[in-house]
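K.L.:
Quick one: structure below, then a few questions.
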Amino acid sequence: MSLRKEEFPAGKLIFAEGNLGREAYRILSGRVEISIREDGKALVLAALGEEEIFGEMAMVENRARSASARALEATVVEVIERKDFHQILANGEDSVVPYLTTIFDRLRVTNDRLLGALNQLDELQPAPVKWRREVLTSHDYAIRVQIKPGSDEMRQQSALQGCVVRHFPFQFGRRGELAGSESSSSNQLLVADRSPYRVSRKHCVIDSNADGVFIQDQTSKLGTVVNGIEIGGQSLETRVRLSLGENTLVLGGLDSQVSFILTVASPQSA
């Protein structure tokens with residue numbers, strides 16, 4: 001099935017918080033800002049770029065939009081309506097896979113953070129509990145991850161130097177073949193890779209919850225290796241927790257030169 005495309009000029013509202021939605025979107029070019037209203041002001045949640053998906057929960061629930069989406073620059077998106085999603089799903093077409101992956105990632109992260117929040121509430125009982133929106137965000141955990149190249153090949157890429165992750169989730173992936181084709185999102189690290197590729201376009205992600213920081217493989221072709229543990233690819237494991245201090249991360253299998261040193265700082269030292 002061929003999905004329709006839509007174009008939005010810079011500043012154009014794609015959908016508004018509170019509106020009913022029946023479509024999800026995949027960014028083909030441009031950038032999109034996701035925001036919510038907090039105490040009468042706009043609170044920016046994310047700036048999304050090429051190949052990223054938003055509005056995906058409209059595929060699985062009949063509820064109002066939880067946030068607003070606005071084009072930050074001239075943007076082209078692929079649009080999938082709920083009826084199309086169900087038909088593609090029934091036909092087993094590959095085009096639905098990115099949307100399913102995003103939906104499942106959203107549900108997994110939400111579940112992890114909810115469990116973390118409930119654990120925190122258990123520790124506070126029987127003291128009165130004040131529910132806040134922030135209790136489910138990674139900022140409460142105050143975790144910081146420093147990323148350094150782990151091989152000579154990675155040290156030659158200037159864009160990979162001195163990266164510190166303070167906001168989660170944080171994406172690893174392969175840089176596009178065309179110069180200037182990537183988004184400028186600060187919450188991702190894009191590796192310049194050559195054919196035969198070791199790094200998938202969306203390879204793995206760093207995320208956090210109340211229990212700490214972990215690496216989740218995003219169905220990459222050749223997998224991810226964390227502290228010698230293989231996840232994704234041919235492995236049945238897809239997720240591993242990072243230790244405080246130094247950790248090793250390799251994208252694309254044990255013999256890959258796409259390697260990094262991840263240093264996880266505790267909340268006290270962050």
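The values are calculated or read from the model by the stated rules, or taken from the named source; none is laboratory data. Only a predicted model underlies this, so the values are computations on that prediction, with no experimental measurement involved. Cβ: placed from backbone, ideal geometry, glycine included. Neighbour counts: every protein chain shown.
K.L.:
Mind checking which pairs have a first residue in segment 21-43 that is outside any strand (DSSP E or B) and a second that is among the polar types (S, T, N, Q), Cβ under 6 Å, 6 or more apart or different chains?
P.N.:
Here the result reads 30/75; 31/183, each pair linking segment 21-43 to a residue that is among the polar types (S, T, N, Q).
K.L.:
Looking at 17, 50 in this structure, which one is in a loop (DSSP other than H, G, I, E, B), surrounded by fewer than 18 Cβ atoms within 10 Å (Cβ to Cβ) and not assigned by TED's automatic domain parsing to the domain that holds residue 171? Even if it seems obvious, please write down each step before you answer.
P.N.:
On the way: 50 fails: surrounded by fewer than 18 Cβ atoms within 10 Å (Cβ to Cβ).
Criteria check complete, one pass: 17.
K.L.:
Just to check your reading of the model, which residue among 158, 200, 195, 186 is under 17 Å from the mean Cα position of the chain (by Cα), outside the structural domain of residue 73 (by TED's automatic domain parsing) and at pLDDT below 85?
P.N.:
186
K.L.:
When you check residue 220 against the structure, is it surrounded by fewer than 19 Cβ atoms within 10 Å (Cβ to Cβ), out of contact with any Lys or Arg (no Cβ under 6 Å at 6 or more places or on another chain) and either over 26 Å from residue 49 (Cα atoms) or among the polar types (S, T, N, Q) (or both), yes or no? So that I can check it myself, show each step before the final result.
P.N.:
Numbers: surrounded by fewer than 19 Cβ atoms within 10 Å (Cβ to Cβ): no; out of contact with any Lys or Arg (no Cβ under 6 Å at 6 or more places or on another chain): yes; either over 26 Å from residue 49 (Cα atoms) or among the polar types (S, T, N, Q) (or both): yes.
When the stated conditions are applied, residue 220 does not pass them.
For every residue, the table says whether it meets (1) charged (D, E, K, R); (2) more than 20 Å from residue 9 (Cβ to Cβ); (3) modelled with pLDDT of 70 or more.
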{"position": "42", "(1), (2), (3)": "no, no, yes"}
{"position": "46", "(1), (2), (3)": "no, yes, yes"}
{"position": "77", "(1), (2), (3)": "no, no, yes"}
{"position": "80", "(1), (2), (3)": "no, yes, yes"}
{"position": "92", "(1), (2), (3)": "no, yes, no"}
